[in-house]
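A short worksheet on the structure shown next.
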Amino acid sequence: MNNMPEPSDHPVQELNVNREKLDITSAPYFINRHMSLMQFNLRVLEQALNEDYPLLERFQFLMIFNSNMDEFFEIRLAGLKRQISFSRETVNVDGMRPKDILDKLSEQCKAATSKQYQILNDILLPALEQQKIRVLNRQSWSADMALWAEDYFRHQVMPVISPIGLDPAHPFPRLVNKSLNFIVSLEGKDAFGRDSGMAIVPAPRSLPRLVRVPDELCEDGDNFVLLSSLIHAHIDDLFNGMTATGCYQFRITRDADLDLNAAEVEDIARALRGELHSRRFGSAVRLEVDKYCPDDLVSFLLEQYKLSESELYLVDGPVNLGRMMQLQQMVSRSDLLFPTFIPSIPKSLRDPDTNILDAVRKEDILLYHPFQSFTPIIDLLRQAARDPSLLSIKMTLYRTGSSSEVVDALVEAARAGKEVTVVIELRARFDEEENLQLATHLQEAGAVVTYGVVGYKTHAKALLMVRREGNQLTRYVHLGTGNYHAGNARLYTDYSLLSADPDLCSDVHKIFQQLTGMGKAERIKTLFSAPFTLKKNLLRLIEAEAEAARQGRDAHIIIKVNALTEPKIISSLYEASNAGVKIDLIIRGMCCLRPGIDGVSSNIRVRSIIGRFLEHSRVYYFHNATPRVFCSSADAMERNLMHRVEICFPVLNARLQARIRSDLQSYLQDNCQSWELQSDGSYLLNNPGKGEPRYSAQLELLHNLTA
C-alpha cells in the first residue's frame, strides 16, 4: 500500500444518505469476531518474516504465534464446538452460524499451521544455522554425540519416563492438555506374553524440551537437541526385547475455558481450585501428529479423542513447538536481539530521595510503559509501606507475575500495620492458580483479600492510598490501562496516571467501596465505570461529536484499544461517520467494524500496530469533549462494558492530554508496522510511499521517551 494518505489526515466524506433506508445494525456491516482474531494471529505470524527484525526476535514471534494459536483453539474454537455440541448455537450480529465459522476457521488454521512450519524449516532454522545456532536432528549426530545422547537418555530421561503398553488392563491413557506424547507401534511379546502392538509414551513434563549439547562434541557455536529426538532415538530401550517399528509425536489440545456457575458458587476460591484441575483434561479440540505417522495410527488417535479429520493437523516438525521459546534465553547473542534500552523516569521522580506522594501532590504524573519505567510504581508502594503517616492502601490485582515486587511491597505494608485491602481477580485467564497463591500470601501477612463481585471480573487497574498530612487525610491514586506486572510493563505499552485530584480520588474510593462492600452505586463525578456508566458515556461522547459535525464544527474521534466488538458502539461510530466525524481507530486485535463502506463508514479508518512491543494501552479521544482524553482498563467489547468492573479515567492536565494526543498521532503516522483494515475484513501492511521515509511509531516513541 504505497502513497496511502495518513489516516489522521483523511478527508471527511460529505454524505447524502437516506437514513430511513439504511440499517447500520444489520449483519453485512459487522465482521465476525473470531475471524477477526484469526486475522490478528496471522499478522503476528508475518512478523517472523520481517527481515527488519533481528533473527532471534523473528524466531520469538513464531513462538508467540504458536502460543496464540494454542489459546485460540483452547478458548475460541472450543467455545464454538461447545455451542454446536449442546445445540446452543446462536447467530451473532455478524449473521454467521457457529458451524460456518468453525469450518472457515479450520481452513485458515490448517493453512497457517502449514505456513508456520514452512517458516521454521525453510527460513528460520537455516538462518540460525548460519549464525552457528543449531537444532540437530538425529541424522546429523556424530558418533560421539550419539554416545552422549545415549548417556543423557539413560540417566536423565529414562528414570522419569513411563511408557504405557495398550491392552485391556492398560486402556488409552488420559493425557494432559498440550503435552508431548508418542504413539509407538511394536513387534514381539513382552515378559507377560502381551503383544498388543501399540504403546503410548508421554514425555516427562518436568524435563526441558531443548537440551544443550556439550561444546566439545560439536562445532563452535550453540548446539541443541530436542527431547523428542532423544526419546525417539532410544525408543527401543523402553520396550526390552521388543522392536519399535514406528514412533510418532502427537499432542492433543483441549477445551481450557473454566466453567463457574456464579449462581451456584458459595466460595469462589474453593470452586476455582476444583476447576483448575479439570482444565488439563477438557474435551479435545485439536490433534497434532507427526506428518509421517501412518494412517492407521492417525485414525486410532482420532477415534480415541472423537475428533474428525477437520480437527487433525499433520505437522512437519516438533508438535510442541512453543517449548522452543526458551532458545532465546539459552544463547548469548545480543546481536540477534532488539537493542536494549533503559526506560526513562520523569524528572520530578529521578532523585532517589524523592517522596513520590509529595511529587504527585504538586502535579499529576503520566508514565507510558515500557518507554518509561514501571519502577516508580513499585517504589511508591515500598515508600508507602515504610511511611509512618501512610494509613491505608487499597488495590486491584488482575495479573502480577509469580514473583512480584508489587505483592512483596503490599506484604511489607500489611506487616507494618497499614490497612491493606486487595481485590484479586482469581479468574484472570491462565493466571488463576498463581492468583490463588498470591491471595494466600497476602492473607497470611494480614491483608484483607476479597475476590471482587461474583459474575463480574474485576479488570480495573487501581491503587488508592490514604495518608495523614497534618490534621487532614489526603488521598492519592494510581490508575492504569495495564496490569501491575513488572514483566509486562517491559513488553506492553500502557499508560499510568498518578494523581492527587480530590474528585478522582473520591471516585476511586467509591469504586473500592462497591467492590469490597455492598450498597447502591454512588454518584461518581469524573470516572466512567463498567458495568454502570462506561458504555452509556462512550455512546454519549460519540453522539456529541456527531452533533458537533452536524453543526459544521471540526469533529474527530480517535480510539486506541485492543478490541472493538460491541455492536452499539460500532453502530454509533457508523452514525458519527455519516454525520461527518473523522474517525481513526487503532485496534490491535479484534475489530468487528467494517471501514470504508460508502454511506456507512466512509470517514472511518482502522489500523493495527504490530511491533516489538504489544500494544495494550486503551485511549479514547473526543475533539469536542472536556476533557478530550480518557484512558481506560476497558476495551470496547461487550464483556468489558457490561460484565466486568472497569475504570475509564480522564486525563485532566492539559499538558498530559497534549502528550497523549501526540502519541496517538505517532501511531497514525506509522507506515511500516501498521496494517490497514479493509472493508472485507482483510488487512494490508502499510508501506512508505516513493521517497517517503520509514516511520515506526514504536521506534519514534522509544527515541523520544527514553532519550
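The values are calculated or read from the model by the stated rules, or taken from the named source; none is laboratory data. A quick note: this is a predicted structure, and the numbers were derived from the prediction, not measured. Here the Cβ positions follow ideal geometry from the backbone for every residue, glycine too, while neighbour counts run over all protein chains shown. Side chains included, ligands, DNA and RNA excluded: accessible areas come from the protein's heavy atoms. Shrake-Rupley method; radii C 1.70, N 1.55, O 1.52, S 1.80 Å.
Taken over the alpha carbons of the stretch 445-550 as equal point scatterers, the Debye sum produces base-10 log I(q)/I(0) values at 0.20 Å⁻¹ of -1.26.
Between rounded, prolate and oblate, where does the stretch 419-505 land on the alpha carbon gyration tensor, with a ≥ b ≥ c its root eigenvalues, rounded for a/c under 1.5, else prolate if a/b exceeds b/c?
oblate
Once every Cα of the stretch 72-196 carries one equal point scatterer and solvent is ignored, give the base-10 log of I(q)/I(0) from the Debye formula at q = 0.10, 0.11, 0.16, 0.22 Å⁻¹, two decimals. Reported log10 I(q)/I(0), two decimals: -0.68, -0.79, -1.09, -1.26. In the context of the full set of protein chains, the chain has a per residue accessible area of 43 Å² (1.4 Å probe). Local charge for Trp148 was computed over the other residues whose Cβ lies under 14 Å away, with Lys and Arg +1 and Asp and Glu -1, and equals -2.
Cross-linked pairs Lys536/Lys582; Lys104/Lys457; Lys457/Lys520: Cα-Cα separations exceed 26 Å for Lys104/Lys457.
Judged by the mean number of other Cβ atoms found within 10 Å, the most tightly packed of the peptides 444-456, 245-257 leads the ranking 245-257, 444-456. Remark: C-alpha extents of the chain on the principal axes read 85, 65, 56 Å, sorted largest to smallest. Peptide packing for 631-638, 509-516 was compared via the average number of neighbouring C-beta atoms within 10 Å per residue; ordered from the highest value, the list is 631-638, 509-516.
Excluding same-chain neighbours fewer than eight residues apart, the lysines reachable from Lys291 by a Cα-Cα span under 20 Å are Lys110, Lys115, Lys178, Lys306. Taken over the stretch 517-588, the percentage of Cα pairs per 10 Å bin, counting from 0 up to the bin with the maximum distance, is 18, 44, 27, 9, 1. Rounded, prolate or oblate, given the Cα gyration tensor of the stretch 614-707, with a/c below 1.5 counting as rounded? Note, shape of the stretch 614-707 comes out oblate. In the stretch 320-431, the alpha-carbon atoms span a convex hull of 164 Å³ per residue. Note on Lys189: aspartates and glutamates with a C-alpha under 17 Å away, same-chain residues under 8 apart excluded, are Asp167, Asp236, Asp237. Within the chain, helices built from complete DSSP H runs that reach 27 Å or longer along their own axis (Cα positions) and carry a mean Kyte-Doolittle hydropathy of -1.0 or higher are 98-119. Here the chain is assigned +1 on the Cβ of each Lys and Arg and -1 on the Cβ of each Asp and Glu. Its dipole about the Cα centre then comes out at about 2020 debye.
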